[in-house]
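Peer 1: Below: one structure in structure tokens.
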Amino acid sequence: MSGSQTAEAVDLAEEEQLDNSRAPRMDQSQAVAEDFQSVAQEEYETHGTVTAEDPVMTVRDCNVFYGDAQALFDVNLDIGRNQVVALIGPSGCGKSTFIRCLNRMNDTIDTAVVTGDIRLYGEDINSKSTDVVLLRARVGMVFQKPNPFPKSIFENVAYGPRLHGLASNRAELDEIVETSLRRAGLWEEAKDRLDQPGTGLSGGQQQRLCIARTIAVNPEVILMDEPCSALDPIATARIEDLIDELSENYAIAIVTHSMQQAARVSQRTAYFHLGKLIEVDETNRIFTNPGHKLTEDYVTGRFG
Amino acid sequence: MTADEKRAQEETLRRVRASLARRYRSERRFRLFGLSSALLGLAFVAFLFVTIIGNGYTAFWQTQFKLDIYFDPAVIDPDGQADPQQLASANYRALIRDALQSELPDVSGRREMRELNRLISAGAEFDLRDEVVANVALIGSTRELWITADDEVDMLVKGHVERDEQGGARRLSDSQLRWIDALAADGRVEQRFNVNFFTRGDSRDPEQAGIAGAAKGSLFALLVTLVIAFPLGIAAAVYLEEFAPRNRWIDLVEVNINNLAAVPSIVFGLLGLSVFLNFFGLPRSAPLVGGLVLSLMTLPTIIIASRAAIKSVPPSVREAALGLGASQVQTVLHHVVPLAMPGMLTGAIIGMARALGESAPLLMIGMVAFIVEVPQSITDPATALPVQVFLWADSPERAFVERTSAATMVLLAFLLAMNAVAIWLRNKFERRW
Ligand SMILES: Nc1ncnc2c1ncn2[C@@H]1O[C@H](COP(=O)(O)OP(=O)(O)OP(=O)(O)O)[C@@H](O)[C@H]1O
Ligand SMILES: [Mg+2]
């Protein structure tokens, strides 16, 4: 009895100290949140240009609900051919939710409801006639956390091509695996251990394996959800090079928490805030001359 | 740092220190408690094993007499035709009696002859018959053979019955005792490996009774259970976990599966009796029906364990497969089920182990009968190991006491073997992620 009381006392003491140290920052974010409240009241409009010249995917009036809670509000955005779009914004603002709409991964969440018009080459991906299996083959995804299958490295990369019947014989399959691993920059490290489990690789290698696995099915769009969040600078640089290279053939949407990364790899940047797409524009424009106060606060590091 | 803050820090430190000793103390206490519970459990298991093995190991040996049997043609094959019919119905007991009498020439008179006869197992003559039928060339020759002794003799030789308490536990007469001693002095009494115990079905004579019938009955029943409950259980678990819509009906199904796991096993026996025997008219006492009943009983266990195993497959693996364009069925078959397999197997083996030890539902469907034949198929009448233990434990003969324990040992060996298989399979399938 007395024990828990003492423990509580300790907790309280600690909390007080923490509160003190936190106080100034709280004030700041509160101010920003109030700022946003005023935005939320009025009918909001995305700043900048949501359209791309040669769009591969177009998203119009996309709303996402998790049960009763709305996670995305009327998002409009195009993803252009041979272009990298960076999605930035504070944690919980709906970046992952947004890119998961693009290959209908939100279907796997029971409570999620997606409305709006999302098209891949003008074809409504949410229509009844769209085959979700085919869609996901065309719109590949690299997840935030590396998630190789608990199978061999070879099997990891070969799984997609095998699934979709992309290789007619073993030699072709071998070749697909090799080129995919090469392009993901993992071939040199992995070529001697193709039969070893993919889960035995380091975090960065696993992420590259996941990228190899995604590009092995030759998708038209690649979605990447913070692919470098677990990686060291060297591996990050490698993956950024890879993204650069991939953007010659694919349309890419990448979620990132690193402004520098967004600046380095993307041509366009979209800033999300509390479920709303606040601003989207040319990347250097976003970072040098943002049109919205919230974007400016975020990219200059005053918030988030 | 101000003086106030410093004081506050020191106060915090003091309080943490004060609580630390208490925390360690309670941790030690908790560990000690855990250790003693584990030791207590272990002690009970050790006690169980020591008693059972101590009581039962002697059943694996059986007292036998070494006798020079003369396969007298005049007795077994008077026509010299070696006619199988004739050979099968001949008086082999006479051969044994003659051999015994030649060892103990002072035995005389009908009464003494009858007593002498009782030293030998009632089944021994059939062993001889089988040998002759299998090898006709024996006729006319003399062979030194080991003849199974009666269970009373066996108990005496093993020391389970005191020599000097005739009329009580000892049911052999003084002269029978004397003859045994005489044979023993001649080196003609020995405890030999009890083959009968492992090859025969049940018998009223303990020395002829074996566990093979019950073991095979159990094996057949378990095979039926495995073949039915394992695929059904996994399919149900996969459906409920991966495909079922979330609605009230599915909730109802789930609740009922959980309830089913808690239903007393005898109820499943009653169900089997009314459905499989009375309605479908399947044979009584058959391992087929036993297996069906045990499947019903095991199914909920397998479903619950399999669902837990499926739930524990990390969602990231599912996402990875779906993200590559695998359909839901492919995701489940290629990734989820293989990863959940160790857990499913463990659940299945736990369920099967429970089914192996179950006797109540088998009583209801007639697998409790006295069956001498070793079953050859799943529709032959049979008993099961736990039922056999129950039957022998209920028998009055002293020799069945050790056989009861021995049957328990066989049952435990079955269980250990199953657990070993479970561990082996788990290690084989286990993967890291
Ligand atoms: N499966 C879910 N069920 C209910 N709410 C969810 C679910 N997934 C996300 N949300 C909510 O939707 C909002 C947006 O989440 P989302 O994962 O898209 O954020 P994010 O921008 O990707 O954040 P982070 O940068 O931390 O990954 C959050 O408020 C989150 O709590
Ligand atoms: Mg996210």
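The values are calculated or read from the model by the stated rules, or taken from the named source; none is laboratory data. Remember, it's a predicted structure, so these values are computed and weren't measured experimentally. Here the Cβ positions follow ideal geometry from the backbone for every residue, glycine too, while neighbour counts run over all protein chains shown.
Peer 1: Among the residues of segment A:146-173, which ones are out of contact with any strand residue (DSSP E or B) (no Cβ under 9 Å at 6 or more places or on another chain) and either within 16 Å of ligand 2 (Cβ to nearest atom) or of a type in the set (Ser, Thr, Tyr) (or both)?
Peer 2: A:Pro146, A:Asn147, A:Tyr159, A:Ser168
Peer 1: Mind checking which pairs have a first residue in segment B:327-345 that is assigned by TED's automatic domain parsing to the domain that holds B:Ala237 and a second that is among the small types (Gly, Ala, Ser) and surrounded by fewer than 20 Cβ atoms within 10 Å (Cβ to Cβ), Cβ under 7 Å, 6 or more apart or different chains?
Peer 2: Pairs found: B:Gly343/B:Ala308; B:Gly343/B:Ser312; B:Leu345/B:Ala422.
Peer 1: Within segment B:233-246, can one find any residue that is among the basic types (Lys, Arg), in a helix (DSSP H, G or I) and either surrounded by fewer than 17 Cβ atoms within 10 Å (Cβ to Cβ) or touching a Cys at 6+ places or on another chain (Cβ under 7 Å) (or both)?
Peer 2: Scanning segment B:233-246 turns up no residue that is among the basic types (Lys, Arg), in a helix (DSSP H, G or I) and either surrounded by fewer than 17 Cβ atoms within 10 Å (Cβ to Cβ) or touching a Cys at 6+ places or on another chain (Cβ under 7 Å) (or both).
Peer 1: Related question: Mind checking whether some residue in segment B:36-46 is among the aromatic types (Phe, Trp, Tyr), over 25 Å from B:Ala149 (Cα atoms) and surrounded by 12 or more Cβ atoms within 10 Å (Cβ to Cβ)? Lay out the reasoning, then the answer.
Peer 2: Within segment B:36-46, the first condition is being among the aromatic types (Phe, Trp, Tyr), and the residues that meet it are B:44.
Now restrict to residues that are over 25 Å from B:Ala149 (Cα atoms): B:44.
With surrounded by 12 or more Cβ atoms within 10 Å (Cβ to Cβ) added as a condition, the list becomes none.
The answer is no; no qualifying residue exists.
Peer 1: Let me ask you something else. Which ones in segment B:261-315 are surrounded by fewer than 24 Cβ atoms within 10 Å (Cβ to Cβ), out of contact with any helix residue (DSSP H, G or I) (no Cβ under 8 Å at 6 or more places or on another chain) and of a type in the set (Gly, Ala, Ser)?
Peer 2: Once the filter is applied, which keeps residues that are surrounded by fewer than 24 Cβ atoms within 10 Å (Cβ to Cβ), out of contact with any helix residue (DSSP H, G or I) (no Cβ under 8 Å at 6 or more places or on another chain) and of a type in the set (Gly, Ala, Ser), segment B:261-315 yields B:Ala262, B:Ser274, B:Gly281, B:Ser285.
Peer 1: Can you confirm whether segment A:236-251 contains a residue that is buried (at least 16 other Cβ atoms within 10 Å of the Cβ), within 16 Å of ligand 1 (Cβ to nearest atom), touching a residue at least 60 places away in the same chain (Cβ under 8 Å) and under 19 Å from the mean Cα position of the chain (by Cα)? I'd like the intermediate steps shown before the answer.
Peer 2: Restricting attention to segment A:236-251, the residues satisfying the condition of being buried (at least 16 other Cβ atoms within 10 Å of the Cβ) are A:236, A:238-240, A:242-243, A:246-247, A:250-251.
After this cut, where a residue has to be within 16 Å of ligand 1 (Cβ to nearest atom) as well, the list is none.
There is no residue in segment A:236-251 that is buried (at least 16 other Cβ atoms within 10 Å of the Cβ), within 16 Å of ligand 1 (Cβ to nearest atom), touching a residue at least 60 places away in the same chain (Cβ under 8 Å) and under 19 Å from the mean Cα position of the chain (by Cα).
This table checks each residue for (1) at pLDDT 90 or above; (2) closer than 23 Å to B:Gly343 by Cα.
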| position | (1), (2) |
| --- | --- |
| B:Leu260 | no, yes |
| B:Leu270 | yes, no |
| B:Pro283 | no, no |
| B:Thr298 | yes, yes |
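Peer 1: Still on this structure, please answer the following. Going through A:Gly80, A:Gly94, A:Gly67, A:Gly89 one at a time, which residue ends up being small (Gly, Ala, Ser), more than 16 Å from ligand 2 (Cβ to nearest atom) and surrounded by 16 or more Cβ atoms within 10 Å (Cβ to Cβ)?
Peer 2: A:Gly80
Peer 1: Shifting gears a bit: Identify the residue in segment A:45-57 that is buried (at least 19 other Cβ atoms within 10 Å of the Cβ) and at pLDDT 85 or above and, among all such residues, is nearest to the chain's Cα centre (by Cα).
Peer 2: Step by step, filter segment A:45-57, then rank; the result is A:Met57.
Residues are listed down the side, and each one gets a yes or a no for (1) surrounded by 10 or more Cβ atoms within 10 Å (Cβ to Cβ); (2) of a type in the set (Val, Ile, Thr); (3) outside any helix (DSSP H, G or I):
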{"position": "B:Leu32", "(1), (2), (3)": "yes, no, no"}
{"position": "B:Ile69", "(1), (2), (3)": "yes, yes, yes"}
{"position": "B:Asp79", "(1), (2), (3)": "no, no, yes"}
{"position": "B:Leu87", "(1), (2), (3)": "yes, no, no"}
{"position": "B:Ala99", "(1), (2), (3)": "yes, no, no"}
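Peer 1: For a quick check of your reading of the model, give me the residue pairs whose first member lies in segment A:93-121 and is basic (Lys, Arg), whose second is within 13 Å of ligand 2 (Cβ to nearest atom), with beta-carbon atoms closer than 7 Å and at least 6 apart or on different chains.
Peer 2: Final answer for the pair search is A:Lys95/A:Leu87; A:Lys95/A:Gly89; A:Lys95/A:Val255; A:Lys95/A:Phe272; A:Arg100/A:Asn106.
Peer 1: Scan segment A:164-187 for residues that are surrounded by fewer than 17 Cβ atoms within 10 Å (Cβ to Cβ) and touching a residue at least 40 places away in the same chain (Cβ under 8 Å) and jot them down.
Peer 2: A:Leu166
Peer 1: Could you pull out every one of the helices (runs of 4 or more DSSP H) wholly within segment B:310-358 that has 2 or more residues that are away from chain A (no Cβ under 14 Å) and under 30 Å from B:Leu412 (Cα atoms)?
Peer 2: Helices (runs of 4 or more DSSP H) meeting the threshold: B:337-356.
Peer 1: Take segment A:221-235 and flag every residue that is at pLDDT 90 or above and more than 16 Å from ligand 1 (Cβ to nearest atom).
Peer 2: Hits for segment A:221-235 are A:Val221, A:Ile222.
Peer 1: May I ask you to verify whether B:Ala137 is in a helix (DSSP H, G or I), loosely packed, with under 14 Cβ neighbours inside 10 Å and out of contact with any strand residue (DSSP E or B) (no Cβ under 7 Å at 6 or more places or on another chain)?
Peer 2: On the way: in a helix (DSSP H, G or I): yes; loosely packed, with under 14 Cβ neighbours inside 10 Å: yes; out of contact with any strand residue (DSSP E or B) (no Cβ under 7 Å at 6 or more places or on another chain): yes.
Answer is yes for this residue.
Peer 1: Right, something else. How about segment A:74-156: which strands (runs of 3 or more DSSP E) wholly inside it have at least 3 residues that are within 14 Å of ligand 1 (Cβ to nearest atom) and away from chain B (no Cβ under 14 Å)?
Peer 2: Fully inside segment A:74-156 and qualifying: A:84-88.
Peer 1: Given the condition under 16 Å from the mean Cα position of the chain (by Cα), buried (at least 19 other Cβ atoms within 10 Å of the Cβ), within 16 Å of ligand 1 (Cβ to nearest atom) and not in a loop (DSSP other than H, G, I, E, B), answer yes or no: does some residue in segment A:193-210 qualify?
Peer 2: Yes - at least one qualifying residue is present in segment A:193-210.
Peer 1: Which residues, counting only those in segment A:109-129, are surrounded by 14 or more Cβ atoms within 10 Å (Cβ to Cβ) and within 23 Å of A:Asn218 (Cα to Cα)?
Peer 2: The answer is A:Ile118, A:Arg119, A:Leu120, A:Ile125, A:Asn126.
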